[in-house]
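This report concerns only the one structure given below.
The values are calculated or read from the model by the stated rules, or taken from the named source; none is laboratory data. Owing to the predicted nature of the structure, the values given are computational and were not obtained by experimental measurement. Neighbour counts are summed over all protein chains in view; Cβ atoms, including those assigned to glycine, are modelled from backbone coordinates with ideal geometry.
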Amino acid sequence: MIDNYLLEELVTFARLGTLGKTAQELGLTQPALTHSMKKLEDELNVKLFDRKPNKISLTETGKYAARQAKILLDDNTNFINKVKQFEKNQITITIAANAPGPLIVARALKDPNLNIKENLIQDNIEELLAEDQITCFLTNKPIEQRDITSIYLGTENMSVNLPQSDPLSKNGSVSYSDLRGKSIMSPNSIGFWQRIYEKEIPDAKIIYQNEARVYSEILNYSILPSFTTNLTAIDKNWGLNLPGNRVTIALDDPIAAQKFYAVFLKQNKNRLALVIEKLQDQCAQVD
């Protein structure tokens with residue numbers, strides 16, 4: 001068994017190219033580093049270095065060994081991180097989502113045992129669940145597989161906020177196509193809703209803004225429309241500093257009503273039962 005410290009020294013030497021720089025970065029003396037490199041050659045029983053007066057370099061075998069050593073070290077780090085994450089998930093429930101609305105619902109539970117990932121995730125859901133990187137995924141697409149199942153939580157209904165001067169504000173409902181050609185404000189991180197906006201609203205200019213303060217200022221000093229959903233009402237802070245001179249009109253397109261689900265490993269069903277029930281209750285309050 002090759003000690004990790006020998007592999008780390010080899011990888012560092014391959015990156016820096018000299019004993020002096022390698023010893024300095026690792027906090028070693030050059031004699032100690034030279035001894036380690038010789039020990040590694042002896043244990044592998046191969047020649048890793050070309051040694052010349054005042055110069056040492058990697059052989060082709062040494063370069064290959066350094067690449068393989070880096071893979072092993074990275075795998076070891078990933079192993080440690082995954083084990084730590086698994087242990088953490090035994091204590092807390094880690095929730096992620098592919099849109100911000102369901103995360104509003106999860107945050108509203110104020111459950112200290114929930115670890116809510118704020119960055120939206122779109123891919124590799126099955127892998128993240130299988131590796132215990134997340135415990136529960138909130139998504140508009142249910143997943144049913146051998147080890148994974150889904151439970152319906154609620155429906156997110158999209159509306160548009162129109163200035164009172166817009167003729168559409170007098171309508172009882174509006175479709176995405178009615179917003180053709182308009183400039184519309186939207187938060188930047190909205191997950192799958194971005195694809196829906198850009199596909200369903202012909203010739204629209206969606207102005208994405210990531211900073212909440214700037215977003216609210218632009219809306220206050222303009223007549224730009226914006227979007228909200230029934231789920232944003234759960235967060236009492238969401239509407240702060242947003243203009244009150246808009247008329248909220250429901251979008252009547254079927255795609256503007258997105259069902260979302262809790263997706264999880266079947267083995268975690270009992271563990272998640274209470275949290276899922278609370279999420280369903282929160283959604284029922286705004287349906």
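Out of 138, 128, 120, report the one residue that is buried (at least 21 other Cβ atoms within 10 Å of the Cβ), within 16 Å of the chain's Cα centre (by Cα) and closer than 30 Å to residue 79 by Cβ.
Working: 128 fails: buried (at least 21 other Cβ atoms within 10 Å of the Cβ); 120 fails: buried (at least 21 other Cβ atoms within 10 Å of the Cβ).
Checking each option against the conditions leaves just 138.
Given the residues 42, 3, 75, which is the only one that is within 30 Å of residue 130 (Cβ to Cβ) and either exposed (fewer than 13 other Cβ atoms within 10 Å of the Cβ) or touching a strand residue (DSSP E or B) at 6+ places or on another chain (Cβ under 7 Å) (or both)?
Working: 42 fails: within 30 Å of residue 130 (Cβ to Cβ); 3 fails: within 30 Å of residue 130 (Cβ to Cβ).
None of the others qualify; the one that does is 75.
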| task | Could you tell me whether any residue of the stretch 36-45 is at negative phi, free of Cβ contacts under 8 Å to residues at least 40 places away in the same chain and either among the β-branched types (Val, Ile, Thr) or not in a helix (DSSP H, G or I) (or both)? | result | no
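Among the residues of the stretch 158-174, are any within 23 Å of the chain's Cα centre (by Cα), farther than 23 Å from residue 283 by Cα and surrounded by 13 or more Cβ atoms within 10 Å (Cβ to Cβ)? It would help to see each step written out before you state the result.
The initial filter retains those residues of the stretch 158-174 that are within 23 Å of the chain's Cα centre (by Cα), namely 158.
If we keep only those that are farther than 23 Å from residue 283 by Cα as well, we get none.
There is no residue in the stretch 158-174 that is within 23 Å of the chain's Cα centre (by Cα), farther than 23 Å from residue 283 by Cα and surrounded by 13 or more Cβ atoms within 10 Å (Cβ to Cβ).
Condition check ((1) at pLDDT 90 or above; (2) surrounded by 15 or more Cβ atoms within 10 Å (Cβ to Cβ); (3) among the acidic types (Asp, Glu)) across all residues:
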site	(1), (2), (3)
12	yes, yes, no
23	no, yes, no
38	yes, no, no
113	no, no, no
116	yes, yes, no
| query | Here are 226, 216: which of them is of a type in the set (Gly, Ala, Ser) and modelled with pLDDT of 90 or more? | reply | 226
| Breaking point among (1) farther than 19 Å from residue 23 by Cβ; (2) outside any helix (DSSP H, G or I); (3) touching a residue at least 24 places away in the same chain (Cβ under 8 Å), for residue 72 | (2)
| task | Taking only the stretch 190-207 into account, find how many residues are in contact with a helix residue (DSSP H, G or I) (Cβ under 8 Å, 6 or more places away or on another chain) and exposed (fewer than 14 other Cβ atoms within 10 Å of the Cβ). | result | 1
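Looking at the stretch 230-285, which of its residues are among the hydroxyl-bearing types (Ser, Thr, Tyr) and within 23 Å of the chain's Cα centre (by Cα)? Reasoning before the result, please.
Here is the first cut: in the stretch 230-285, the residues among the hydroxyl-bearing types (Ser, Thr, Tyr) are 232, 248, 261.
Passing the criteria: 232, 261.
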